[in-house]
Structure formats: structure tokens, C-alpha cells
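Here, each number is a calculation from the coordinates, and none is a lab measurement. Remember, predicted model here, so these are calculated numbers, not experimental data. Using ideal geometry, Cβ is built from the backbone for each residue, glycine included, and neighbour counts are taken over all protein chains shown.
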Amino acid sequence: MRPRSIMLFETLSLAAVALGAAIVAMTWGALMASVYARIRGTGIEPAVMIMTALYVGLLILLILLTSRRASAVAKWLFAAIIVAEAVFTLPGLPAMLRGGLIGWAQIVQLALQLVALWFLFVPQSRAWLREYQTV
């Protein structure tokens with residue numbers, strides 16, 4: 001049986017991914033304007049959409065492999081991605097605080113990710129992951 005900390009990790013992580021997808025949907029026009037300003041040419045929108053879908057799919061896969069199959073590789077890849085996101089996001093925190101609903105949603109998403117990551121490394125979760133891997 002999975003410990004509560006692992007279930008919380010899964011729930012919070014999936015909620016953060018869902019919130020992130022909602023943020024992308026709400027800001028798609030601005031995102032595409034930013035991409036068009038940097039990259040000249042047409043046809044980039046489908047590529048950005050595919051990359052976004054692949055990233056969301058990768059996160060979901062890593063979350064489920066960690067929480068359902070106790071994959072150490074998935075755990076550490078997920079942890080590295082979330083830490084990298086935090087490192088790159090934190091400098092923009094003041095702008096997010098002034099960013100209205102979208103900015104606050106991004107802050108909530110980051111908080112969900114970090115709390116979920118914390119649940120992944122509490123003693124109860126670490127013991128379960130060790131035990132599950134030896135079975």
C-alpha cells in the first residue's frame with residue numbers, strides 16, 4: 001500500500017501540471033507573440049503546441065512512474081526538472097506578484113510543485129520507495 005505522502009505527491013504534482021496546462025491555455029496568444037518575435041517564419045505554432053504536449057506528457061509519465069512504480073530514475077528526473085523550474089522561475093517572482101491572476105496562478109503552481117517534491121523526500125516516502133524497489 002502506498003503511503004499517504006506518495007499519494008499527496010501524486011495528487012499535488014498532477015494538480016500542478018493541470019494548472020500549468022490551464023495557464024498555457026490562458027496565455028497562448030501572448031506566448032505565441034513572444035515566440036513570433038524571436039523566431040521569424042510561419043508554422044511555428046504547431047511545433048510549440050507539440051513541444052508543450054510532450055512536456056506535459058513527460059511530467060505525467062514521471063509522476064506516475066514515481067508514485068505507482070517507485071521508479072528511482074523517474075523520481076530523480078522529476079526532481080531535477082522541478083528544481084530547474086524553480087531556479088529559473090524565482091528571479092521572475094516579483095513580476096509574477098504584479099501579474100494579476102496569471103502571475104498568482106504561476107506562483108500557486110510553483111508552490112504545488114515544491115510541496116509535492118517535498119512529499120517525495122519525506123522519510124515515509126523514501127522508505128516506501130526503497131522497499132518497493134527491493135521487491
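Consider the range 1-31 and keep the residues that are farther than 23 Å from I107 by Cβ and of a type outside the set (D, E, K, R). The one that is surrounded by the most Cβ atoms within 10 Å (Cβ to Cβ) is I6. Exposed (fewer than 13 other Cβ atoms within 10 Å of the Cβ) and among the β-branched types (V, I, T): does that describe V73? For V73, the condition - exposed (fewer than 13 other Cβ atoms within 10 Å of the Cβ) and among the β-branched types (V, I, T) - is met. Given the conditions (1) closer than 30 Å to Y132 by Cβ; (2) crowded, with 16+ Cβ neighbours inside 10 Å; (3) not hydrophobic (A, V, I, L, M, F, W, C), and given that G103 satisfies all but one, which numbered condition is not satisfied? That leaves (1) as the condition not met.
Within the range 65-110, how many residues are among the hydroxyl-bearing types (S, T, Y) and in contact with a Phe, Trp or Tyr (Cβ under 9 Å, 6 or more places away or on another chain)?
Residues of the range 65-110 among the hydroxyl-bearing types (S, T, Y): 66-67, 71, 89.
Next, from what is left, pick out any that are in contact with a Phe, Trp or Tyr (Cβ under 9 Å, 6 or more places away or on another chain): 66-67.
So the answer is 2.
Being assigned to a helix (DSSP H, G or I) and touching a residue at least 24 places away in the same chain (Cβ under 8 Å), is that true of even one residue in the range 25-42? Reasoning before the result, please.
Kept after step one, since they are assigned to a helix (DSSP H, G or I), are these residues of the range 25-42: 25-26, 28-38.
Retained after the next criterion (residues that are touching a residue at least 24 places away in the same chain (Cβ under 8 Å)): 26.
Taking every residue of the range 25-42 in turn, at least one turns out to be assigned to a helix (DSSP H, G or I) and touching a residue at least 24 places away in the same chain (Cβ under 8 Å).
Please tell me if A16 is in contact (Cβ under 8 Å) with a residue 60 or more places away in the chain, closer than 14 Å to A116 by Cβ and touching a Leu at 6+ places or on another chain (Cβ under 6 Å). Before you say what the answer is, go through the steps one by one.
On the way: in contact (Cβ under 8 Å) with a residue 60 or more places away in the chain: yes; closer than 14 Å to A116 by Cβ: yes; touching a Leu at 6+ places or on another chain (Cβ under 6 Å): yes.
For A16, the condition - in contact (Cβ under 8 Å) with a residue 60 or more places away in the chain, closer than 14 Å to A116 by Cβ and touching a Leu at 6+ places or on another chain (Cβ under 6 Å) - is met.
Among residues of the range 84-98 that are within 18 Å of Y55 (Cα to Cα), those with a Cβ under 7 angstrom from a residue that is not polar (S, T, N, Q), sequence gap 6+ or separate chain, pair up as A86/L110; A86/L114; T89/L110.
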